[in-house]
Every structure is written in C-alpha cells, then in structure tokens.
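The values are calculated or read from the model by the stated rules, or taken from the named source; none is laboratory data. Here the structure is a predicted model, which is why all the values come from computation and not from measurement. Here the Cβ is made from the backbone with ideal geometry for all residues, glycine too, and neighbour counts use every protein chain on show.
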Amino acid sequence: MNIQDSYHEKTPTNSLRQSTLFTKPLRQTSKEEISVNAQLLTRGGFVNRLMAGVYSFLPLGVRVLTKIENIIRQEMNHTGSQEILMPALHPKEIWETTGRWQIDILYKIKDESQREFCLGPSHEETVVPLVGNFIQSYKDLPISVYQIQTKYRKEARPKSGILRGREFRMKDMYSFHASAEDLDQYYELAIEAYKKVFARCGLKEKTFLTYASGGIFSRWSHEFQAITPHGEDEIHLCRKKSVAINKEIFEDVKNDPEWKDSQFETLKAIEVGNIFKLGSRFSNAFNQYFSDSASQKQEIIMGCYGLGSSRLMGAVVECSHDQAGIIWPKEIAPFDIHLLAFTKSESETKEADQLFEKLSKIGIEILYDDRNQLSPGEKLVESDLLGVPLRIIASSKTLANGSVEIKWRDQPEAKIIKLQEVEKYLKETQNSCCQNK
C-alpha cells in the first residue's frame, strides 16, 4: 500500500490520524531555546529550528499559522483593503530612492553581474511605485492593499524563538489617501480591525493599544502590546483608558493634558502589531502625486500597518500555556478535538474509529491518537503539550459503558458522556467545536 492509499483510506478530510504524522513530540529541547514559545512549539512538533532566528513550520505549526493568517486576511478585507503579493527580492535602486539602502537590517546579495539586491524587510519601496501606477486623480483614492509574506531582517541577536527572527511571516498593509483627514479615518478603522484579530486569536483581554514614537513620520505611532510576564518590552498601562504608553516615550508624554491624573501600571509585554502614519515621505520620494478636483497636483498621504503572523503565534503561546504545555485558543488551534484511543480489543478500536469518522463528517477537525505503541500516560502527556482545546478519551473502561471521557484543556475536571450524546454535547457547549469550517 502506498503513502497516498494509507492516508486516504483511513482519514477524513481536514482531520488526521496521529499514526500518520511524521513528527513526534520531544521530551526536551535544546538548551539554546530559552523562551517559552520556542520550548513548547519545538517540543510539540510545531516548529523546528534551522539556525538562530530561522524556523521550519511543521504540519501542526502550519495549521496554526494558516488559521492566524486567515483571520488576519478576513479582518483586513473588512477594512476594504485588497490582497496582493509582492516580490521579496528588491533591486538596490528603489531603496536608494528612499535613502534607506544603508539601513543595517537589510540582507544584501549580488548576482553574477554584480548587480545588488536586498531581501525585503518591508515593502514601502515596492508598493509605492506599484500602486502609483494606478493613481492619477483624487477619484482613484483612497486605496489600501496588503500582503502576507515571508520577510527578512538582519537581527543582530535573534532570540525568543519565533518572536524575533531573521526570517518570519508578516502581514504588511499600506493605505493611500488624498488628505490627512481621510488617513485618520482609515487609521481608526485599522485599529478596530487589529483588535478583532487579537480577540479572535485569544488575546482580547491581554492586548492594548500602546502609544509609541512616530520617528520621522509623526509624533506618535501605535503598537499593540500583549501583556505577559515573559514579554521583552515594558509598557505603562492605564486600565481606565485601556491604553498604554511605551517605555521609550513615557517620560515625554505622561504629563500631557490627556494623561493628567492617569494611574499607570508598569508591565512586561510582547509587541504583536504596529501602525504608522507615513505622511508623504515615500510617495514624494517616487514622485507619486494626484490631481485634485481643480487639476492641481497634490501629495499622496500614506499609512502602513504591520502584523507579524508568526510572531503572533509565538505570543499566543507565551500568553496561553501552563506547566504541561500549550493551551490553544479555539479559533487558531491545530484541531478542534484530540481523540485518544485507550483500547485493548479490535471491537473497541472500531468504536473509537467510528466516533472519529462521525465527528469528522460534521465538520469537526480531529487529531486522532490511534497509536497502539504508547501507554495511556504517554498519550495524556503529549495531549496536554499539544494543547488542543478539547480532549476525548475512548477507553476500554468508558466504552464498556457506552461512554467517553471529555475534558476541556483549560478546565481541571473531566466528565463522562454517552457516545450517542457526544454530538449534542458539543453543539450545546458554549465553546463548541461543531462549527463547519
């Protein structure tokens, strides 16, 4: 029997028998992996370290990353932005046009003719001339485009697993406007879209809009910071306003009138997104303008909006885990259910198989631990490490009573449910897995 037959004969679409998964959980990780996300994602078989700051995403990790990126895609689409995909390989000339060829984060390469290129850490230099091709008058504005792509940055000290890497996945969005007022309106729309992304990824109560330096572009930019004791940033949070200030600018702004009498908490956090008002810095560099209603040439005003999808995956793990392993939020979990078979006879195994097939057919994504060479204890340890939201155990003991054991990953107690009641229970449970994908 070939590999295709062995898979398709046994496995419903979008579910997986663990016996066919080529990766295996690890008992421990390299001493070089200090951060929580690196340890748990590596041990669980979600990622594998190639070198410092560069990771492979394995089957379970790809499932999580894909779900995160689909959430991002949906929420960016809701702002009216349109998805594109731009090259990662950039000619030197466009970075010289903006005066950024000498920044120290660029990976630079030469071809056989000694022409120089870089690998894109961001895409202002690419997107402005691209979109500018389609802008002549005010009637062509506003425009917003985004992409989800692998990026490259020359991090001097890559660390913290997939939180800070040399190669990483990122959504970068760029908006083009006829006025600062129009940019302001879209900027607020983007803030709400980001909040929805973080809420759907399980970080609603932990992520706060944070004032940060606007650099050469504006007085302020904004970050989104997820509170965790494992964070690498320090922010000052005003819970009354549900807004924070980055440590770097706190002393400069805490006495502004808008912050008068505010009470602040100093907390550790992980940056999971950032947004900037760019003004006309990049559009002017490429001589991109538009004609207003009086046929007068006007500057194109821009905003940019970054959100690292692989970084967000790492941040979720940092914020949602316990001593046993990861606790995935429902929408981005690799599977809805982890079904464990503790069976001793062929008939018991058949019952577990039938439950797997029945639940898969109604749209539930199931990881089915059908391996017979592992003990129940080993399977339970691995299940907690992988962090799937709901665990169902079909054992000789429960099946003898026509039942299974059900336990939510983030709850301490398990309960016994009759086999014929499982589907009903899932549909009626508040955090039900029974939503068609």
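Observations on the model:
- Qualifying positions in segment 319-351 - part of a helix (DSSP H, G or I), surrounded by fewer than 24 Cβ atoms within 10 Å (Cβ to Cβ) and in contact with a strand residue (DSSP E or B) (Cβ under 8 Å, 6 or more places away or on another chain): E348, T349, E351
- Whether a residue is closer than 17 Å to R281 by Cβ, at pLDDT 95 or above, of a type in the set (A, V, I, L, M) and in contact with a helix residue (DSSP H, G or I) (Cβ under 7 Å, 6 or more places away or on another chain) was assessed, and V145 does not pass this test.
- Residue in segment 173-195 that is farthest from Y289 (Cα to Cα), counting only those that are among the hydroxyl-bearing types (S, T, Y) and touching a helix residue (DSSP H, G or I) at 6+ places or on another chain (Cβ under 8 Å): Y194
- Hits in segment 163-178 - residues which are touching a strand residue (DSSP E or B) at 6+ places or on another chain (Cβ under 6 Å) and not in a strand (DSSP E or B): R166
- Restricting the first member to segment 106-124 and to residues that are closer than 29 Å to S175 by Cα and modelled with pLDDT of 95 or more, and the second to residues that are assigned to a loop (DSSP other than H, G, I, E, B) and of a type in the set (D, E), the beta-carbon pairs closer than 8 Å and six or more apart or on different chains are F117/D111.
- Qualifying positions in segment 381-397 - assigned to a strand (DSSP E or B) and of a type in the set (K, R): R391
- M51, sole failed condition from (1) surrounded by 15 or more Cβ atoms within 10 Å (Cβ to Cβ); (2) at pLDDT below 95: (1)
- Candidate set from segment 130-162 (those that are in a helix (DSSP H, G or I) and among the charged types (D, E, K, R)); member that is farthest from G273 (Cα to Cα): K139
- Answer residue from segment 276-310, given it is more than 31 Å from the chain's Cα centre (by Cα), of a type in the set (G, A, S) and outside any loop (DSSP other than H, G, I, E, B) and is nearest to F57 (Cα to Cα) among those: A285
- Selected residue (only one of F250, F198, F217 is without any contact (Cβ under 8 Å) to a residue 40 or more places away in the chain and either on the phi > 0 side of the Ramachandran plot or aromatic (F, W, Y) (or both)): F250
- Flag if T42 is at pLDDT 95 or above, in a helix (DSSP H, G or I), among the hydroxyl-bearing types (S, T, Y) and more than 13 Å from G314 (Cβ to Cβ): no
- Answer residue from segment 68-100, given it is free of Cβ contacts under 8 Å to residues at least 12 places away in the same chain and either surrounded by 13 or more Cβ atoms within 10 Å (Cβ to Cβ) or within 24 Å of V54 (Cα to Cα) (or both) and is farthest from the chain's Cα centre (by Cα) among those: E96
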